[in-house]
Amino acid sequence: MTDRLVLVRHGVTTWNREGRFQGRMEAPLADEGRLEARLLGERLAADPDPMVLVTSPLGRAHKTAELIAAAVGTSAIRDDERLVEIGQGEWEGRTHDELARTEPARYAAWATTDQEPPGAELVQDALLRVAQAIRDVIATDAPAACVVSHGGILRLAARHLLEMDASRAWAMDVDNASVSELRRDGAEDPWRVVRWNDTAHLLGRTRQHVDEAEGKPLAL
């Protein structure tokens, strides 16, 4: 059983740059996203603890995991369907800017609450599968476990592990190729944040990702 979790969001995609909802749709890593993943892998390769690597099977996350694995010197990657991004229903493929204009009330509620897009996966269903996946990851017999997934899923993981309310969890920044770390002292102890949304490995080497209000859209 591990008491150290490393949470990684996949590298940037073209759709991320466009502020376009991805959800369950496949949007491959951009060239910059592959660079980000390699830089992240170099950083994790310097970590003294061997890590089990578990990833969402969606291409943008799995490719990120592959590039990390190459850097740390392992070929052992485990796909877990429960770590795929929250299905965004009718909003997949549409942009934040478009939705803010055409569905302003629902879009504003989505940003801070468990309001789902039309036809989307229920947030409570996603939270349940994420909690189950994280429990299985924690049961891994390794010093540390690295989970490579998506913005929505990593916020749900934090919500579960840190017992956060919805509005606080949705307000958390989770940038592309960021690394976050949670630890606990023992199986009966609470999880605590060691670092969150750390992108120091990208500084000066790639463009930084900021939120939509600052001009570079963030998309699930």
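Among the listed residues A145, A120, A105, A177, which satisfies the condition of being in a helix (DSSP H, G or I) and either within 16 Å of the chain's Cα centre (by Cα) or of a type outside the set (K, R) (or both)?
Values: A145 fails: in a helix (DSSP H, G or I); A120 fails: in a helix (DSSP H, G or I); A177 fails: in a helix (DSSP H, G or I).
When all the criteria are applied, what remains is A105.
Limited to the range 92-108, what total is found for residues that are surrounded by 13 or more Cβ atoms within 10 Å (Cβ to Cβ) and over 18 Å from A166 (Cβ atoms)?
Residues that pass the stated criteria total 10.
Evaluate the range 148-158: report whether one residue or more is over 20 Å from H10 (Cα atoms) and either under 14 Å from the mean Cα position of the chain (by Cα) or hydrophobic (A, V, I, L, M, F, W, C) (or both).
No, the conditions are met nowhere in the range 148-158.
Looking only at the range 172-220, how many residues end up being at pLDDT below 60 and either among the acidic types (D, E) or in contact with a strand residue (DSSP E or B) (Cβ under 9 Å, 6 or more places away or on another chain) (or both)?
Adding up the residues that qualify gives 5.
Could you go through the range 109-127 and let me know if any residue there is touching a strand residue (DSSP E or B) at 6+ places or on another chain (Cβ under 9 Å) and crowded, with 19+ Cβ neighbours inside 10 Å.
No, every residue in the range 109-127 fails to be touching a strand residue (DSSP E or B) at 6+ places or on another chain (Cβ under 9 Å) and crowded, with 19+ Cβ neighbours inside 10 Å.
Consider G87 carefully, then state whether it is in contact (Cβ under 8 Å) with a residue 40 or more places away in the chain, outside any strand (DSSP E or B) and surrounded by fewer than 22 Cβ atoms within 10 Å (Cβ to Cβ).
yes
Yes or no, residue by residue, for (1) on the phi > 0 side of the Ramachandran plot; (2) of a type outside the set (V, I, T):
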{"site": "A131", "(1), (2)": "no, yes"}
{"site": "V137", "(1), (2)": "no, no"}
{"site": "R159", "(1), (2)": "no, yes"}
{"site": "S167", "(1), (2)": "no, yes"}
{"site": "V174", "(1), (2)": "no, no"}
{"site": "A177", "(1), (2)": "yes, yes"}
{"site": "E181", "(1), (2)": "no, yes"}
{"site": "R184", "(1), (2)": "no, yes"}
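Count, please, the residues in the range 45-61 that happen to be within 23 Å of E26 (Cα to Cα) and surrounded by 17 or more Cβ atoms within 10 Å (Cβ to Cβ). I'd like the intermediate steps shown before the answer.
The initial filter retains those residues of the range 45-61 that are within 23 Å of E26 (Cα to Cα), namely 53-61.
Imposing the further condition that a residue be surrounded by 17 or more Cβ atoms within 10 Å (Cβ to Cβ) reduces the set to 53-56, 58, 60-61.
The qualifying residues number 7.
Given the criteria part of a helix (DSSP H, G or I) and modelled with pLDDT under 95, does D97 qualify?
Values: part of a helix (DSSP H, G or I): yes; modelled with pLDDT under 95: yes.
So D97 fits the description; yes.
Closer than 30 Å to T206 by Cα, surrounded by fewer than 15 Cβ atoms within 10 Å (Cβ to Cβ) and basic (K, R) - does that describe any residue in the range 155-177?
Looking for residues that are closer than 30 Å to T206 by Cα, surrounded by fewer than 15 Cβ atoms within 10 Å (Cβ to Cβ) and basic (K, R), one finds at least one in the range 155-177, hence yes.
The values are calculated or read from the model by the stated rules, or taken from the named source; none is laboratory data. Keep in mind that what you see is a predicted model, and the values were worked out from it rather than measured. No Cβ is skipped: glycine too gets one built from the backbone with ideal geometry, and neighbour counts run over all protein chains shown.
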